[in-house]
Amino acid sequence: MEEILSFDKISKSFPGVRALDDVSFGLMRGEVHAIVGENGAGKSTLMKILSGAYTADTGRMIFEGREIVNNSPKLSRDLGIQMIYQELNLVPELSIASNIFLGQELKQGLFVNKGEQVKRCREVLQELGLNISPNTLVKNLSIGAQQLVEIGKALSVNAKILVFDEPTSSLTDSEIQELFRIIRMLKARGVGMFYISHRLDELFEIGDRVTVLRDGKHIMTDRIENVTINGIIEAIAGRKIENLYPRNRGEVGAPMLEINHLSGEAFQDVSLVVREGEIVGMAGLIGAGRSEVAKAAFGIDKYKAGEVKIGGKTVSRHNPQKTKKAGMSLIPENRKLEGLALSLSIRENTVIANLQALNPTSMINRKREEDTVKEYVDKLNIATSSIEKRTMFLSGGTQQKVVLAKWLLGKSQVFIFDEPTRGIDVGAKNSIYELMDELANRGAAILMISSELPEILGMSDRIYVMSGGQVVGEFNASDTTQHQILELAFSNA
Ligand SMILES: Nc1ncnc2c1ncn2[C@@H]1O[C@H](COP(=O)(O)OP(=O)(O)OP(=O)(O)O)[C@@H](O)[C@H]1O
Ligand SMILES: [Mg+2]
């Protein structure tokens, strides 16, 4: 196979960090090249240099045998290099056709030729094997379908290189399979693809080669068939992880969170219990109603019937302030939107939610504040030059860790974690699991909603499965399998 692009000794620094340090490797035509590494390893930065959004300090990029000089977003697009970001760049109020041709409208004289756009768009959708009308408004599409529209946009200009930066973190399993089908089709056409993901099982399904970056340095590039998942984990983390899913917790005690016959818009008659010192998993497909139950239990959404007890006491007419006071925390799924003030620093973000816990006398104790924040920055291995760094400058996964630190700092005894490790690198996953295990060991009750079955099986003591808004099964983690859980998860969908 022929190399379509190569990075040659690329370096890039930001104030206080060397984001990329002398990185060299290449991409073949028709290759799916996975790039993995810890949060803050430099993956997105490298791709932004490729797209012309950032300029490298030193180093060269060779595209089809020629050096790309004075790269810019326009130049890289003209060369056929297209980015598919996790945060989608579509306009919800416009149709699929208008979105696909946004900024590259097909014109007839001065006017946009809508008819031609719809026609071309229909062709692109057909190529993708999608049976939707070009006139559908983007806001009426699922996240997965929206992502396919982004790909359609890239296809409409005959991309030669596609970059997927964490494409699957908000897709359902069937949407992921749909994405993989399209990636295989593009591969057959000779499109070269960079594929960034923290879900390592995916590399083995879709990748041809894998490159590991760590602290901005190129660690290895190899063919997928030459590597093992443990080898990759070690290369990413730079250390051996003996036990990804720690289990040092002791006996299970009294019920701490009881949900009895709870019904709401998206779920019916849900009952479950989480006891002191216990980690309980909640499995199910996206849309099964798990987050909705969590939000109702925490008092964000209203429910129609049933009751919620925290520490044996019924909380009535509750709201998040009240549940928080009763000792419960919900670490929400959409952490970026719900959790972070981007213009504030790591320190400010973590202490805002916890001013009372840290400063019981309400006197600002800056030293104590700093020490506590530093402790969590260490524990979660948050990649930053300083706790005063504004969170908008952190990598995607690092921002997630800051939100987690903020919630963990509180003094709760009941935790609901909604997809706690989504977008988080494998080393940090391990740290988060250790923290959860430690919390449970100290007597906390933890309900963990997760779509990653290895994580559910690895961390939980017991597992509930939800499907179609109902609890359809309960297992002891030690005597069930991924297969059994999946079967139930699909049962009522
Ligand atoms: N615009 C910026 N200003 C300052 N620092 C930045 C900027 N962009 C990235 N960085 C820093 O560069 C480093 C690499 O970040 P990058 O976003 O490339 O990581 P990543 O590998 O994509 O991580 P993740 O898996 O979390 O998405 C991080 O330390 C990050 O804080
Ligand atoms: Mg990134």
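The modelled label-to-label distance between residue 352 and residue 314, using points 7 Å beyond Cα along the C-beta direction, is 3.6 nm.
If r is the Cβ-Cβ distance from residue 57 to residue 219 and R0 is 25 Å, what FRET efficiency results, to the nearest 0.05? Each step should come with its number before you reach the end.
On the way: r = 20 Å, r/R0 = 0.81.
With R0 = 25 Å, the Cβ-Cβ based efficiency is 0.75.
Can you list, largest first and rounded to whole Å, the semi-axes you get for segment 40-79 by taking the square root of 5 times each eigenvalue of its Cα gyration tensor?
Working: eigenvalues 57, 27, 16 Å².
Computed over segment 40-79, the values are 17, 12, 9 Å.
In terms of overall dimensions, the C-alpha atoms belonging to segment 342-493 reach 52, 32, 25 Å along their principal axes, ordered largest to smallest.
Rounded to the nearest 0.05, what FRET efficiency is calculated for residue 13 and residue 127 with R0 set to 41 Å and r the Cβ-Cβ distance? Provide the component values of the computation, followed by the final result.
Values: r = 41 Å, r/R0 = 1.01.
Efficiency, from the Cβ-Cβ distance: 0.50.
I'd like the distance separating the alpha-carbon centroids of segment 227-272 and segment 396-414, in whole Å. Computed from Cα coordinates, the inter-centre distance equals 16 Å. Between the helical axis of 143-156 and the longest alpha-carbon principal axis of the chain there is an angle of about 10 degrees.
Under the 0.36 nm per residue contour assumption, what length would be gained going from the current alpha-carbon distance of residue 368 and residue 392 to full extension? Mind showing how you got there, number by number?
Numbers: separation 24, 0.36 × 24 = 8.64 nm, distance 2.45 nm.
Length gained, residue 368 through residue 392: 6.2 nm.
Residue pairs exceeding 18 angstrom between C-alpha atoms, taken from 295/324; 379/429; 43/389; 139/304: 43/389; 139/304. Once both labels are positioned 7 Å from their Cα atoms along Cα-to-Cβ, the gap between residue 205 and residue 261 label points is 4.0 nm.
With the charge dipole of the chain set up from +1 on Lys and Arg Cβ and -1 on Asp and Glu Cβ about the Cα centre, the Cα lying farthest toward the positive end among the listed residues 346, 267, 400 is that of 346.
Any idea of the accessible area per residue across segment 3-237, 1.4 Å probe, to the nearest Å²? Let's see the in-between values first.
Working: 10300 Å² over 235 residues.
Solvent-accessible surface per residue comes out at 44 Å².
Using only Cα atoms, find the angle between the long axis of helix 366-379 and the longest principal axis of the chain, and express it within 0 to 90 degrees, rounded to the nearest 10. Approximately 70 degrees, to the nearest ten. Ordering of 433-446, 217-230 by packing is 433-446, 217-230, highest average first (other Cβ atoms within 10 Å, averaged per residue).
Points 7 angstrom from Cα along the Cβ direction at residue 185 and residue 344: gap in nanometres? Between residue 185 and residue 344, the simple spin-label model gives 4.6 nm. With respect to the chain, whose longest principal axis is taken over its alpha-carbon atoms, helix 114-127 is tilted by about 70°. Take every DSSP beta bridge whose two residues both sit in the chain; close to 55 percent of them are antiparallel.
Return, ordered by residue number, the residues of segment 300-317 whose backbone nitrogen is under 20 Å from a label point located 7 Å along Cα→Cβ of residue 271. Within reach of a label on residue 271: 303-316.
Under 17 Å from a label point set 7 Å out along the Cα-to-Cβ vector of residue 22, the amide N atoms of segment 29-60 belong to 57-60.
Taking 0.36 nm per residue of separation and subtracting the Cα-Cα distance, what length does fully extending residue 230 through residue 70 add?
On the way: separation 160, 0.36 × 160 = 57.60 nm, distance 4.00 nm.
Taking residue 230 through residue 70 to full extension adds about 53.6 nm, to one decimal.
Taking the Cα centre of segment 215-331 as origin and assigning +1 to Lys and Arg Cβ atoms and -1 to Asp and Glu Cβ atoms, the resulting dipole is close to 520 debye.
Within 14 Å, Cβ to Cβ, of residue 461, how many net charges do the neighbouring residues add up to if Lys/Arg are +1 and Asp/Glu are -1?
Details: positive: 247, 249, 275, 462; negative: 251, 276, 278, 437, 455, 474, 479.
Residues near residue 461 contribute -3 overall.
A DSSP coil position with no more than 12 other Cβ atoms inside 10 Å describes the following trypsin sites (Lys or Arg not before Pro) in segment 271-335: 302, 304, 317.
Distance distribution P(r), segment 3-237, all Cα-Cα pairs, bin width 10 angstrom from 0: 7, 32, 35, 20, 6, 0 percent.
Kirkwood radius and radius of gyration were both taken over the C-alpha atoms of the chain, and their ratio Rg/Rh is 0.98. Given R₀ = 51 Å, what would the calculated FRET efficiency be for residue 325 paired with residue 135, taking r from the Cβ atoms and rounding to 0.05? The calculated FRET efficiency here is 0.55.
The values are calculated or read from the model by the stated rules, or taken from the named source; none is laboratory data. If you're wondering where the values come from, they're calculated on a predicted model, not measured in any experiment. Every residue, glycine as well, gets a Cβ built from its backbone with ideal geometry; the counts of neighbours run over all protein chains shown. Note: areas computed on protein heavy atoms with side chains; ligands, DNA, RNA excluded. Shrake-Rupley method; radii C 1.70, N 1.55, O 1.52, S 1.80 Å.
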